[in-house]
1. Using the crude model of +1 on Lys and Arg Cβ and -1 on Asp and Glu Cβ, and no other charge, please compute the dipole size for region 2-173 relative to its Cα centre, in debye to 20.
2. Going toward the positive end of the dipole of region 2-173, with +1 on Lys and Arg Cβ and -1 on Asp and Glu Cβ, which of LEU156, GLY138, PHE32 do you reach last?
3. Once phi is turned into θ = phi - 60°, what whole-Hz ³J(HN,Hα) does the Karplus curve with 6.51, -1.76 and 1.60 give for every residue of region 69-79, x standing for Gly and Pro?
4. Obtain the radius of gyration and the Kirkwood radius of region 210-487 from its C-alpha atoms and give Rg over Rh.
5. In bins 10 Å wide, starting from 0, what share of all Cα pairs of the chain does each bin hold, as a percent?
6. Under a point spin-label approximation (7 Å from Cα along Cα-to-Cβ), what is the TYR382-SER74 distance to one decimal in nm?
7. Apply the a/c threshold of 1.5 to the C-alpha gyration tensor of region 2-173 and tell me whether it is rounded, prolate or oblate.
8. Pick out, from THR3, PHE429, PHE417, the residue whose Cα sits farthest towards the positive end of the charge dipole of the chain, with +1 on the Cβ of Lys and Arg and -1 on the Cβ of Asp and Glu.
Amino acid sequence: MKTYDIIFIHAPIIADLEKNTSVKIRRGAYIFIPMGIFAIADYLEREGFGVKIINYPLEKYIDPQWSLSEYLKSIEFKICAIDLHWIHNSFGAIHIIRKVKEVYPNAKIVFGGYSASYYHKELLQYYKNIDCVIKGDGEIPLLEYTKAITRQSSNLEDIPNISYKNNRDNIRINPIRYVAKDLDQLNFTNVELLKNHRIYLEESRKIMGISFNLAVGRGCPFNCPLCGGGQRAQQKISCRKKVILRSPEKVVQDITKILDNYNTNSVFFGHGTYPANLSYWKRIFKLIRNEKLDVSGDIEIWRLPLPKEMWREYFKTFNRRHSSISISPRTTSARVQQKIAKICDPTFQFPISQLQDLIKNATLFRMPLRIWLSLGYPFQTYGDILRDFKFTMNCLLKNGTSTIKPITIMSEPYYIFPGSPAFEAPKKFDIDLTHPSLLQIVDSFKNSSISFFYNVINYNSKYFSGHTIQTINKLLFLFAAPMFLTGS
């Protein structure tokens, strides 16, 4: 029997896949593991601990009959770490606790990730089998916690960033004293620690539409209204005040490793482009060209403009086979963007003229461009919805019906994430949150299903109910389907 000190389990969206062997794993299952997990697991292994990562939805993709419970019986471990990064995994993550405790009742249960960090007190308060929550950056805190548990020490008071239960089941909250300042000492590509890692790398594009997520940095300088990973959210959740980026050399080393060892030729960059970091991306692109790497690249535009020069750099660097550039204005309404900019982020501006420039350059360089809209966004009216449909129709007629003009309009309902500006102050955005507490959130995902897009909406806007928001986004997605089929 294989013995580990700690195992990591990536939870499914829906709770019990073992009772639903006919469920088809698709994009909405979100098989992606948070990028930091590989670095944390590698860090523990380098310190001499036995580590394994299990991707629950990936295992069900490989074998619908696979059983987590049966697998757990085949190994031994002291600590089980469950990522609760994306809130959509909340019910699945809670459900896994029972699975683990049925097999190993004495195993310590640790949660971590953005959502876990946000709800650290509630997780310990409402779920008796959770022993510890890692808040913010996790490599040092989890290493120190693992050392303490494996040495059977009950002294956890000096471990940074953890909230935990002591021997009397009282909740203790240690301050966040560890915030990573340099990422170059971490290894984000020790994917061999993942069970069936080769299939994970080689099938990600087929399932998710993009390939392996490559860590580039931590932090964000922006405050998009519904995102829980913005600057203010990260300052609250993990005390991170500024963006840190890995050296371009380290990023390109990771790309080289993935290309050399696995049957995949594309990467998704886990940090976007914006005017302040374009020189950083140019350095990465130049190094890729110097190494003569034949690779596709998926990258996001976080803020405009993206100059024609960057399109040219991108075109020279990546093959077109699986490459794409994405931007998420979420709405084409200047009025809505201006209201959001005034409330939470003055840089939240995506003028139609600049979107048209993106389309023009994507057509010129024949590089796929994905534009993400979300109908029912805060402050949107029926008139704004019609304008988004009109914008989509113009793109469909002019740019989106052949691979020569690879423009795709994507539409999805958006979940308002904990810690985001709209979650913290919904009234400012003319919305009502339908389940703001952790218990309500977990319950809302109890009966969710795996679909192409997330199918739980947690708000009603001034003009649209959550049900209507889901419906109109599906209509726009179907309306734009010809672009998706030819240009994606």
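The numbers here are math on the coordinates, done by the rules we state, and not lab data. Computed from a predicted structure; not experimentally measured. Cβ atoms come from the backbone with ideal geometry, glycine included; neighbour counts cover every protein chain shown.
1. 420
2. Final value for the positive-end residue is PHE32.
3. Ordered by residue, 3J(HN,Hα) equals 4, 5, 5, 4, 5, 8, 9, 10, 7, 9, 10 Hz.
4. That ratio equals 0.96.
5. Here the calculated profile for the chain is 4, 19, 30, 28, 15, 4, 0.
6. Label-label distance for TYR382 and SER74, simple model: 5.8 nm.
7. In terms of gyration-tensor shape, prolate.
8. PHE429
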